[in-house]
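Take this structure first; my questions come after.
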Amino acid sequence: MSHLVNFINALFNPVTYFFFSLTGFAAMIYFREKWTEPKFALKTLAGVVVAMGLSMFNDHFREISTKPDNVPIFIMVFSVGFFTWLSFRLAVVNDRRLAQGQPPVEKETSDKKAYVWPDLVYIEFIATIVGGVALLIWSLCLHAPLEEAATPAWTPNPSKAPWYFLGLQEMLVYYDPWLAGVVFPTLIIVGLMAIPYIDKNPKGSGYYTFNERKFAIVPFLFGFLILWVTLIFLGTFLRGPGWNFFGPFEEWDPHKVLVLNNVNLSEYFWVKWLGFLGIGLPKNILIRELPGFAVLAVYFIALPPLITKKIPLMMGLLDKLGIVRYGVLMNLILLMAALPIKMLLRWAFNLKYIVGIPEFFFNI
Amino acid sequence: MADFKDERVYDGPTLTRWFLWSSLALLVCVGIMAYKDYHRSWKEYQRKFMTLDRIHAKLQAREFRANFDVAQYKQLKADLKEANLELKSHQNQISQLESKRDKLDAQIFKVKSNYQMVKANVDADKYSYSEGVKNGNDDKAFKKKLDGEIDEAASLNQRLFEMNQDQDKAVKDLTDIYAKRDEVQGKIKKMTADYETLKKKIGSLSFDFLFYFRNAMLLDFMSPTLEIQQVVLKNLPEDIYFTKTMRVDRCMSCHLGIDKKGYDEEHYPGIPKVFRSHPHLDLFLSATSPHPMEKIGCTICHGGMGQALSFNTAAHVPNDEEEAKQWKRKYGWEEPEAVQSIMLPLKYTEGSCLKCHGIQQHVNFAPKLNRGRELMATRGCVGCHKVKNMDQLTKAGPALLRVRGKLKKDFVLKWVWSPKSFNPAARMPSFFQQSNNDSSNPEAFAKTKAELHALVDYIYDDRSGDYSPNLAPGRGSVAAGKKLFHDVGCLACHGIDDVTSIHSDFAPDLSGTGSKLSAAFVYSWIKNPQHFNPDTRMPSLRLSDQEASDITAYLMSKRNKDFEEAQAPDFDPAVRDQLILDHLTPKLGVEGAKATLATMDEKGRQMFLGERTLNRYGCFGCHMIRGFEDAQRIGTELSTWGSKRVTQLDFGFTDPKDISHTHEGFVNAKLQNPRQFDKDKVVSFFDRLKMPNFYLNDADREAIVTAVLGLTNTYVPDEMTAGIHGNGPLLEKGKRVIEDFNCRGCHLIEAKDKSIDAMLSQGQGGRILQMFKNESVDYSMGPPNLNTEGAKLQVDWFHDFLMGPHPIRPWLHIRMPSFHWTDEKISAVISYFNYKDDQVFPFKSAETTHLTGEDLAQAKALFNDSKCSKCHIIGNKVPPDLSSAAPDLLNVHKRLKPDWVVEWLKDPNAIMPDTRMTNFWPDGVPSFPKYFHGDSLEQREALRDYLFMMGRDTTPSEEGSVGGTKAKKN
């Protein structure tokens, strides 16, 4: 039993966790025909529920998962799961029909009308009541998880952001606050706002489809599911005291010690790779960080033209969207990809900063 | 319409059904919410308390009825009937008087209103007239009218007066007629008054309609009977870091009987804990106690969340596992989390006294805390750990000076290696052979042996100096020595395995002395401790040569053969050299360390490692060692340890099931086995835990846990801090000396109105008194109670006595020791006693009246009649029975303050409840009323004056004439 527990704990280290979420995501896209079958989905749900029920026998898991603070996370996990399944289910059904030359399901009701009064107003009102009932039951069953008075002399350990910001907090592990706390969140909002202007694909309007909107759906879901939802899950259940990583069945020991030594790219370049020259780190900051700037230049300037030429899904995109749209899109996607890339670099090479100029608080 | 229906996506009736069910669900939820908000556990407690009170009142009523004197009641009823019958015969007169009274009532009302009207006119006209005169308009006619009005008012007033008189007379006549009946009625009322009160109480405690109405849901905002009870404590604010808020304690919303007397097992058998009275209402909560509820509240002492109103949110903490289980079952108790302050388990509550009384050396009626603090001082906790208010204490162990002249090296080696093997009661803790460096860790074990030898060599080096005893004992008797040791007072500080009735651990246990010291040393030491160590606290008991020889013989007979025969551990020089290298390498590097080692000779190596080891273990915390006077304490500061977060404590890899991961669990575990948090840890020899093992018993450990848990950073404003106001600091200075020299080992101090037994039962008495109690020896053969000592002793005499004590009751076996106190210490003690008793200090005369003539004659007669000399020594006249003897009265004038003597005579038992002194004025009634017109005060003052004259030798000669010393000589 303890072997199994240890195995699962080990499985939930950040690398495998991220690896599994990536492969899971790919599998979700690839095997969509299979898992959207209601029977399969119900079996999966039953499996998850049983696994969770069994996990409750573990003291540490129970302690973390039954905290009133973490109830929203469970609601989120199950509701995100359900709605993802639902949208895929509807999309898969429609795709099948479209492939056979039939119109989408939505076509059948498209002649009918939904009126603002009574339909919309009524439904919204009912939704309000149902939401109120749900909140009341929630607050009746669980006390508000209040903590002791705040003190400047003592930060709670672990000190966690509100659950919906845990994805942002996770980013802070890999990027400096000015990036993870200011630039990225801003770009997320700007990027979401930009979607209608970038997306010129007229298909999929008014009905669910995956095949006709692959390029729109995959990056969006990657950003939402992998870089937001799973990071919230990770931040809630796997990040413990000292912001250290803990397996789901591991005791949150505030005295746990981990290796957290990280190295800058400049140090790799000048000391490790060019070490045989015996020059060491250049005194001049700009020369020192030259490799980092070069990497960034390649990433943001050389990559976009290359992508449109070499990657199958992107081929011809430049022509379709025009240079401006394509440039904006590429920048957004590359910025989004920067997070998992940095994570991988951190885990694989203990890379601290690509460009590290702590003298001016400019670290990337 | 049909078309409209067809083209709609949504179905109207379905939506309506959705609406119906969801709104019904909302209604139910709102109902549940309102009920949950209304239904609170504290209300349940208040209802239960009402029931409890009601049942109790009913029982009382039943008891009242059972004890009721029915015969007397019937007789009174018969009397009442008779009186009523008699009244009937006066019926005419009564009705006349009543009608007269009532008529007058009406008339008086009429005249009175008339009078008030006229009076108002007079006042207004007076003003108008005067104003007219001021403006030069003297209206004669108006003046005449005014005068007329004044006359009218006067006559009306006169009539009113007469009518009132008439009415009063009528009423008085009526009262006279009713007098007899009223008297009987009054008696009946008096007889049943308690019962009526009870009935009213039962009525007010009943669950009637009004109760349910006032406390009904949604109506209870008006005037509910079930209410939250709270005290708001402005003077003890809660520090929530960014600001301070008023502390609000609502504990009494459920603990309803806490501040009221009588809610205990005796009055309410089986009363639930929650409703019980506070066990020390004389000290806490009651309005007359020093800690009234309105000022102190609950949480400042007990901790916990004062504003919370449910069992779990109040952060209750159980005393032990057993209680925790019980609570889980009964209240669904959970370990408090994320709260500002959890409750202290009840057994550690005394620790909280430190929040306000921290500066005081001794907190009255907190025996566990005092014991804990005494242990922290005498066992040397404060030698390694800084503790606020305890950082200036005398070092716990003996100074390591001139050790060569006192102890054999072999002894010291074995002693330091394992103090307990020499003497199970040894206070020196064990640094070696502990769980992280014993023989199960061969490497560490070998290293500690090398450290031991280096340490002892270092101490035995020149810095310790030489010594040889200056005196030699004569032939002593072990038996006589044993008796002396028991009787003269050694046991107040020292323990020894021969004596089981008391074991004091203020000073070292002396079992095994024969294996440790030479007879010459013991003899020289007890004759004059300062010869060996001028700074020692050990006093001299003024032993004669023979007495000292006897005690020496006795102590030398106490030997530990096993220890003598045991071998001191030896060490491996290679391990020692490796240790030296380990010390040197971090600074010098491997080669440098080796080179340095090579330059050291054998002695140099021992000295180097000795010094390092001494620093490592912090020996200087407890022992004065030359060269280490200013060394810093090596342990963690404990001043606010109780406020540390649990997560800041390193429990190592211990299982919470074995060691509770709480504050008390930590201290307890640390004292039980200080090294156990090294278990399963990979840690280098130098980084291992070093705290030594004190091998404390459970009670002592609990006492220390209490004292340590009380060390918090709770904010207490100056006005609420004890010992810093008025003479507080001066008192503390004296108390410091009193604690340092264990005065409480023999004397009762601050034992106002309390008998020795009462003090002992509260853990307040000294060890010698405890021994007297255990051995059933008369307390009067023991050391005196020092209550009111400041008011009692003349300052000069007090000073002389402390400089060189001389026996006041020479027949006692126990002796007041001669302390070698500095002037500063003596002054501190004397001012402590004087300020404690609110004395004029330092200058106070001892003048008394010089009696003459008749006064003197009466005083002398009173003195003789009181038979003072039956017990008291008077100069050379010693009473035949010394077992009931009392101090010499000829010394009174030098020793006692005149005011105190009068107070003492008034009621000796009030000052010393265990005294044998007779009270000649029991309850203020003189036993010899013929003197001084039976005036008690005058008698006592005269007696006092007589005593003072007697001592000054100004007593009258046999003929009754007064003659001073001078007069006699002349």
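Taking a label point 7 Å from the Cα of B:Val478 along the Cα→Cβ vector, which residues of region B:547-589 have an amide N closer than 12 Å to it?
Counting only backbone N, you get B:553-560.
What's the FRET efficiency of A:Ile75 with B:Phe841 using the Cβ-Cβ distance as r and R₀ = 56 Å, to the nearest 0.05?
Between A:Ile75 and B:Phe841 the formula returns 0.15.
Jot down the radius of gyration and Dmax of region B:100-175, Cα atoms only, both in angstrom.
Cα radius of gyration and Dmax of region B:100-175 are 17.2, 59 Å respectively.
How big is the shadow of the Cα convex hull of region B:513-617, averaged over all directions, in nm²?
So the mean shadow area of the Cα hull is 9.9 nm².
Simple spin-label model, 7 Å along Cα-to-Cβ: A:Phe20 to B:Ser818 in nm?
Each label point is offset 7 Å from its Cα along the Cβ direction, giving 8.5 nm.
Moving on to the next point. Could you tell me, in Å, what Rg and Dmax come out for the Cα atoms of region B:142-257?
Over region B:142-257's Cα set, Rg and Dmax evaluate to 30.0, 80 Å.
With N set to the residue count of region B:283-347, report its C-alpha Rg divided by 2.2 N^0.38 Å to two decimal places.
For region B:283-347, the normalised Cα radius of gyration comes out at 1.23.
Which one of A:Thr128, A:Thr16, A:Thr36 has the biggest mean-square fluctuation once chain A is modelled by GNM with Cα springs under 10 Å?
In this elastic network of chain A, the residue with the biggest mean-square fluctuation among A:Thr128, A:Thr16, A:Thr36 is A:Thr128.
Please report, to two decimal places, log10 I(q)/I(0) for region A:276-336 at q = 0.17, 0.25, 0.27 Å⁻¹ as given by the Debye formula with identical point scatterers on the Cα atoms and no solvent.
Log-scaled intensity ratios, in q order: -0.64, -1.02, -1.13.
Divide the volume of the convex hull of the Cα atoms of chain B by its number of residues and quote the answer in cubic angstrom per residue.
That works out to 451 Å³ per residue.
Also: Tell me, in nm to one decimal, what length is gained between B:Met600 and B:Asp487 on full extension, where the rule is 0.36 nm per residue of separation less the Cα-Cα distance?
35.2 nm
Taking all pairs of different Cα atoms in region A:207-295, averaging 1/r and flipping that mean, what Kirkwood radius in angstroms comes out?
17.7 Å
In addition: Please compute the net charge surrounding B:Gly351, taking Lys and Arg as +1 and Asp and Glu as -1 over other residues with Cβ under 13 Å from its Cβ.
+2
Compute the Kirkwood hydrodynamic radius of region B:562-650, taking the inverse of the mean of 1/r over all pairs of distinct Cα atoms, and give it in Å to one decimal.
It is 16.4 Å.
Here is a follow-up. When Cβ neighbours within 10 Å are restricted to other protein chains, what is their mean count per residue of peptide B:649-655?
1
Contact order normalised by length for chain A, with contacts defined as Cα pairs under 8 Å and 6 or more residues apart; what percent is it?
After rounding, I find 23 percent.
How large is the translational diffusion coefficient of region B:356-438 in µm² per second when you combine the Kirkwood radius over alpha carbon pairs with Stokes-Einstein at 37 °C and 0.692 mPa s?
It diffuses with D of about 217 µm²/s by this estimate.
Which aspartates and glutamates does B:Lys836 reach when only Cα atoms under 14 Å apart count, and residues fewer than 8 places away in its own chain are ignored?
Once the sequence-local aspartates and glutamates are set aside, what remains near B:Lys836 is B:Glu732, B:Glu750, B:Glu789.
Also, I was wondering about something else. What Kirkwood radius, in Å to one decimal, follows from the Cα pairs of the protein assembly as shown?
42.3 Å
Also: To the nearest 20 debye, what charge dipole does chain A have about its Cα centre, counting +1 at the Cβ of each Lys and Arg and -1 at the Cβ of each Asp and Glu?
In total the dipole reaches around 1200 debye.
Go through B:Leu543, B:Gln60, B:Leu609 and say which Cα lies farthest out towards the positive end of the charge dipole of chain B; charges sit on Cβ, +1 for Lys and Arg, -1 for Asp and Glu.
Farthest along the dipole direction, towards plus: B:Gln60.
Rg and Dmax of region B:495-571, using alpha carbons, in Å: what are they?
Cα-based Rg and Dmax for region B:495-571 come out at 14.1, 46 Å.
So if we plug the beta-carbon distance of A:Leu98 and A:Ala27 into 1/(1 + (r/R0)^6) with R0 = 22 Å, what FRET efficiency do we get, rounded to 0.05?
0.40
How far is the Cα center of region A:274-349 from the Cα center of region B:139-173, in Å?
115 Å
Rg over Rh of region A:231-364, using C-alpha atoms and the Kirkwood radius, what does it come to?
1.08
For the pair B:Tyr35/A:Lys203, report the inter-label distance in nm, with labels modelled 7 Å from Cα in the Cβ direction.
5.7 nm
Could you tell me what percent of the DSSP beta bridges with both partners in the protein assembly as shown are antiparallel, to the nearest 5?
Just about 70 percent of them are antiparallel.
What is the Rg over Rh value, at two decimals, for region A:144-191, using alpha-carbon atoms and the Kirkwood definition of Rh?
Using Cα coordinates only, the ratio equals 1.08.
For chain B, find the longest principal axis of its Cα atoms and tell me its angle to the long axis of helix B:698-709, 0 to 90°, nearest 10.
With both axes taken from Cα atoms, the answer is about 70 degrees.
Can you give the charge dipole size of region B:328-485 about its Cα centre, rounded to the nearest 20 debye, using +1 on the beta carbon of Lys and Arg and -1 on the beta carbon of Asp and Glu?
Using Cβ point charges on Lys, Arg, Asp and Glu, region B:328-485 gives about 760 debye.
Report the Rg/Rh value for region A:296-364, based on alpha-carbon coordinates and the Kirkwood definition of Rh.
Reported Rg/Rh, Kirkwood definition of Rh: 1.07.
Tell me the label-point distance for the pair B:Thr721, B:Ser883, using the 7 Å Cα-to-Cβ offset, in nm and rounded to one decimal.
5.4 nm
Post the alpha-carbon centroid distance, region B:399-418 to region B:294-317, in whole angstrom.
That distance is 52 Å.
A further question follows. Using only Cα atoms, figure out Rg for region B:284-395 and give it as a multiple of 2.2 N^0.38 Å.
Cα-based Rg divided by the globular estimate yields 1.26.
Related question: What pairs from B:Lys126/B:Lys169; A:Lys283/A:Lys310; B:Lys408/B:Lys603; B:Lys414/B:Lys735 go past 30 Å between their alpha carbons?
B:Lys126/B:Lys169; A:Lys283/A:Lys310; B:Lys414/B:Lys735
I'd like the distance between the alpha-carbon centres of region B:476-548 and region A:81-132, rounded to an integer number of Å.
When both Cα centres are located, 99 Å separates them.
Next up: Going by the alpha-carbon gyration tensor, a ≥ b ≥ c the square roots of its eigenvalues, is region B:238-326 rounded (a/c under 1.5) or, if a/c is not under 1.5, prolate (a/b greater than b/c) versus oblate?
Oblate.
May I pose another question? Compute and list, largest first, the equivalent-ellipsoid semi-axes of region B:15-151 from the alpha carbon gyration tensor, each √(5λ) rounded to a whole angstrom.
67, 47, 17
Relative to the compact globular guide of 2.2 N^0.38 Å, what is the alpha carbon radius of gyration of region B:453-521, as a ratio?
1.42
Would you mind giving the average projected area, over all directions, of the Cα convex hull of chain A in nm² with one decimal?
Computing the convex hull of the Cα atoms and averaging its projections yields 25.3 nm².
Provide, in order from the shortest bin, the percent of all Cα-Cα pairs of region A:10-96 in each 5 Å bin, continuing until the bin that contains the maximum pair distance.
Distribution as computed: 3, 11, 16, 22, 22, 14, 8, 3, 1, 0 percent.
Then there is this: Using r as the Cβ-Cβ distance of B:Thr636 and B:Thr243, and R0 as 25 Å, what FRET efficiency do you calculate, to the nearest 0.05?
Given R0 = 25 Å and the Cβ-Cβ separation, E is 0.25.
How high is the relative contact order of chain B, in percent, with contacts defined as C-alpha pairs under 8 Å that are six or more residues apart?
Relative CO of chain B lands at 10 percent.
Gain in length, B:Trp21 to B:Ala66, computed as 0.36 nm per residue apart minus the alpha-carbon separation, to one decimal in nm?
Contour length minus the Cα-Cα distance gives 9.9 nm.
May I pose another question? Once Lys and Arg get +1 and Asp and Glu get -1 on their Cβ, which of B:Asn834, B:Thr848, B:Leu812 lies farthest toward the positive end of the dipole of region B:802-860?
Farthest towards the positive pole: B:Leu812.
Which whole-number percent gives the relative contact order of region B:188-313, counting Cα pairs below 8 Å spaced six or more residues apart?
19 percent
Principal axis lengths of region A:103-164 from Cα atoms, whole Å, largest first?
Principal-axis extents of the Cα atoms in region A:103-164, largest first: 65, 29, 19 Å.
So which of B:Lys409/B:Lys447; B:Lys260/B:Lys355; B:Lys483/B:Lys897; A:Lys160/A:Lys256 end up more than 29 Å apart, counting from Cα to Cα?
Check vs 29 Å cut-off fails for B:Lys483/B:Lys897.
Follow-up. Would you mind working out the magnitude of the charge dipole of chain B relative to its Cα centre, with +1 at each Lys and Arg C-beta and -1 at each Asp and Glu C-beta, to the nearest 20 Debye?
640 debye
Would you mind checking which residues have amide H under 5 Å from B:Leu793's amide H? H placed 1.01 Å from N; only 5 or more apart, or other chain.
Here B:Lys897 satisfy the definition.
Laboratory data are not the source of any read-out in this text; all were calculated from the coordinates shown. Quick caveat: nothing in here was measured; it's all calculated off a predicted structure. Note that we place each Cβ from the backbone using ideal geometry, even for glycine, and neighbour counts take in every protein chain shown.
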